[in-house]
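The values are calculated or read from the model by the stated rules, or taken from the named source; none is laboratory data. Predicted model only: the values in this text are computed from it and were never measured. Here the Cβ is made from the backbone with ideal geometry for all residues, glycine too, and neighbour counts use every protein chain on show. SASA here: full protein model, heavy atoms, side chains in, ligands and nucleic acids out. Shrake-Rupley method; radii C 1.70, N 1.55, O 1.52, S 1.80 Å.
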Amino acid sequence: MKSSGDTVAVRDALRAGFGVSLVPCPYVEDDLRQGRLQAALEDWRTVETTLYAIYSSRLHVAPKVRAFLEFLVEEFGRLPVLPAGGAR
């Protein structure tokens, strides 16, 4: 069994027909929609993973940092964004 931490490389291998893999949806959703790839084990779920974005200040967030945070929220499922300090 081979493994790779490069999701784009894994996606490309899937496109070339090299087996089955667990890949985050944003990397393959167009391929699934257009029929280039086929989902397997759709009723199986992986362990939920938490993604943290750490930045220096919540008072004066640079526009490029704010844009990146908004991108992360959009790409990774409209997850709640915790303020700096991370207290829930």
Q) Of all residues in the range 39-50, which are of a type in the set (S, T, N, Q) and without any contact (Cβ under 8 Å) to a residue 24 or more places away in the chain? A) T49, T50
**Q.** Residue match in the range 10-30 (condition: of a type in the set (F, W, Y), at pLDDT 90 or above and over 17 Å from the mean Cα position of the chain (by Cα))
**A.** yes
Q: Could you list all residues from the range 12-55 that are assigned to a loop (DSSP other than H, G, I, E, B), touching a helix residue (DSSP H, G or I) at 6+ places or on another chain (Cβ under 9 Å) and either closer than 15 Å to F76 by Cα or open to solvent by less than 100 Å² (accessible area, probe 1.4 Å) (or both)?
A: G19, S21, V23, P24, L37, A39, L51, A53, Y55
Q | Residue pairs meeting the criteria (Cβ under 6 Å; at least 6 apart or on separate chains; first touching a residue at least 40 places away in the same chain (Cβ under 8 Å), in the range 13-26; second open to solvent by 50 Å² or more (accessible area, probe 1.4 Å) and of a type outside the set (G, A, S)) | A | P26/E75
Q) Which residue pairs have Cβ atoms closer than 9 Å, lie 6 or more positions apart in sequence or on different chains, and pair a first residue in the range 51-75 that is free of Cβ contacts under 8 Å to residues at least 12 places away in the same chain with a second residue that is surrounded by 11 or more Cβ atoms within 10 Å (Cβ to Cβ) and of a type in the set (S, T, Y)? A) V61/Y55; A62/Y55; V65/Y55
Q) Which of the residues spanning the range 56-88 are modelled with pLDDT of 80 or more and surrounded by fewer than 10 Cβ atoms within 10 Å (Cβ to Cβ)? A) L59, H60, P63, K64
